[in-house]
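First comes the structure, then the notes that go with it.
The values are calculated or read from the model by the stated rules, or taken from the named source; none is laboratory data. Not measured: the values here are computed from a predicted model. Heads up, the Cβs are rebuilt from the backbone with ideal geometry, glycines too, and the neighbour counts pull from every protein chain shown. What goes into the accessible areas is simple: the full protein's heavy atoms, side chains included, and nothing from ligands, DNA or RNA. Shrake-Rupley method; radii C 1.70, N 1.55, O 1.52, S 1.80 Å.
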Amino acid sequence: MKKIEIYDPAMCCSTGVCGPSVDTELLRVATVVDSLKKQGAGITRYNLASEPQAFITNKDVNNLLTEDNDILPITIVDGEIVKTKSHLTSDEFYKYTGILVVEIDSTANNSCCGGDSSCC
């Protein structure tokens, strides 16, 4: 199975639930990634705010950020950059994992704060 790495911009959390408004795209990506990981997909997400070393260590990511600071998110599949400036679509996740994306109820409490909005 392919290895997928997602380099996200600086965020409170990867779900998009924290903060004053919900980012539905981040919520979709978090839900899809969680579902795919449960089915055995090798996906790792890096958040610039909490894991800056990953952005420095990966030379391709570092070079892209040096050229364009509005390039995130960056998605890498098996060491090759496949997409920048937006997350993979459900079809693209399927293309790279071979796992059908099952949309999960995004109204469930998927907050990085576990329902405690004071943490963000």
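Candidates are the residues of segment 80-91 that are touching a residue at least 12 places away in the same chain (Cβ under 8 Å) and under 19 Å from Glu25 (Cβ atoms); the one that is most open to solvent (accessible area, probe 1.4 Å) is Lys85. Selection of segment 55-69 for residues being in contact (Cβ under 8 Å) with a residue 12 or more places away in the chain and among the aliphatic types (A, V, I, L, M) yields Val61, Leu64.
For every residue, the table says whether it meets (1) open to solvent by 80 Å² or more (accessible area, probe 1.4 Å); (2) touching a residue at least 24 places away in the same chain (Cβ under 8 Å); (3) touching a Lys or Arg at 6+ places or on another chain (Cβ under 7 Å).
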{"position": "Leu27", "(1), (2), (3)": "no, yes, no"}
{"position": "Val32", "(1), (2), (3)": "no, yes, no"}
{"position": "Gly40", "(1), (2), (3)": "no, yes, no"}
{"position": "Gln53", "(1), (2), (3)": "yes, no, no"}
{"position": "Ile71", "(1), (2), (3)": "no, no, yes"}
{"position": "Asp78", "(1), (2), (3)": "yes, yes, yes"}
{"position": "Tyr96", "(1), (2), (3)": "no, yes, yes"}
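Can you name every residue in segment 59-77 that is over 16 Å from the mean Cα position of the chain (by Cα) and not hydrophobic (A, V, I, L, M, F, W, C)? Passing the criteria: Lys59, Asp60, Asn62, Asn63, Thr66, Glu67, Asp68, Asn69.
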